[in-house]
Amino acid sequence: MIKIKTAEEIELMRESALMVSKTLGMLAAEIKPGANPLKLDKMAEEFIRDNGAIPGFLGMYDFPNTLNWSPNAQVVHGIPNNEELKDGDVISVDCGAIKNGYYGDHAYTFEVGEVAPETKKLLKVTKESLYVGIREFKSGNRVGDVGFAIQKYCESHGYGVVRELVGHGLGKELHEDPQMPNYGKRGRGKKFVDGMVVAIEPMINMGTKRIKQLRDGWTILTADGQPSAHFEHDVAIVDGKPELLSTFQYIYEALGITSDEEDEFRAKKLTL
């Protein structure tokens with residue numbers, strides 16, 4: 001069952017989403033060659049707790065860490081370890097936090113040092129596809145409209161769109177209805193209405209769409225060992241239109257990047 005949020009609940013969820021955004025922004029300056037994933041995971045846990053929130057992933061389904069840490073060919077659900085980051089790596093960092101009783105759930109794929117041009121393009125297209133999908137998340141459209149838009153955009157660049165892992169509704173539970181696949185057919189699935197809040201998260205592979213899982217029961221990898229990218233935003237429908245609750249602007253501020261990509265999805269300018 002889809003749980004529609006009131007305007008007051010959406011504002012509480014914005015705080016939860018921005019808690020995760022700020023955590024990713026804090027980590028952005030630390031993600032560089034030689035960085036230790038377990039150290040960064042501990043930093044994220046402490047940052048979330050120090051800001052009056054609770055790590056959303058730690059202990060959920062017995063997951064052992066605060067961050068999903070998925071480098072290179074890992075798609076999602078990677079477990080932080082002591083393997084230091086290397087120049088040329090890419091790393092998907094997915095983080096959750098509970099604040100005001102609601103979840104924020106938000107991800108970004110970072111470049112580590114000098115990354116190969118073909119991998120840079122994968123990250124660029126995947127992030128672009130996130131906004132392509134968000135534009136379809138509006139009153140009167142359906143789940144299939146978002147998935148179709150993301151799939152068409154990524155496959156037009158020759159990339160594989162993961163089928164087994166999807167976005168989802170968000171609220172007092174991390175995973176609520178509806179499921180939000182990154183593939184689909186226009187006009188299919190649940191209809192969108194005001195007050196819906198979802199996490200839209202393209203998971204796109206440079207090569208095959210097929211995946212496999214490690215014996216740890218968590219880590220998902222591309223079947224062909226090629227890189228994968230993952231970007232995620234929390235989005236609400238307000239007055240019929242998509243409105244971002246999360247932001248990449250804290251990341252961009254830490255990395256010295258200027259971007260207006262989020263402007264069309266905000267009722268007013270975000271103040272950092």
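The values are calculated or read from the model by the stated rules, or taken from the named source; none is laboratory data. Here the structure is a predicted model, which means the values were calculated and not measured. Cβ sites come from the backbone with ideal geometry, for glycine too, and all protein chains shown count toward neighbours.
Odds and ends about this structure:
- Taking segment 3-33 as the range and being within 14 Å of residue 100 (Cβ to Cβ) and among the hydroxyl-bearing types (Ser, Thr, Tyr) as the test, the residues that pass are 6, 16.
- Options 78, 25, 59; residue that is surrounded by fewer than 16 Cβ atoms within 10 Å (Cβ to Cβ) and small (Gly, Ala, Ser): 59
- Output for segment 43-57, where each listed residue is of a type in the set (A, V, I, L, M, F, W, C) and either in contact with a Cys (Cβ under 9 Å, 6 or more places away or on another chain) or farther than 14 Å from residue 24 by Cα (or both): 44, 48, 53, 54, 57
- Meets criteria (assigned to a helix (DSSP H, G or I) and either of a type in the set (Gly, Ala, Ser) or over 18 Å from residue 231 (Cβ atoms) (or both)) for residue 147: yes
- A single entry from 71, 80 fulfils the requirement of being modelled with pLDDT of 95 or more, touching a Phe, Trp or Tyr at 6+ places or on another chain (Cβ under 8 Å) and closer than 29 Å to residue 208 by Cβ: 80.
- Strands (runs of 3 or more DSSP E) lying entirely in segment 5-104 (those with 3 or more residues that are of a type outside the set (S, T, N, Q) and under 27 Å from residue 217 (Cα atoms)): 67-71, 90-99
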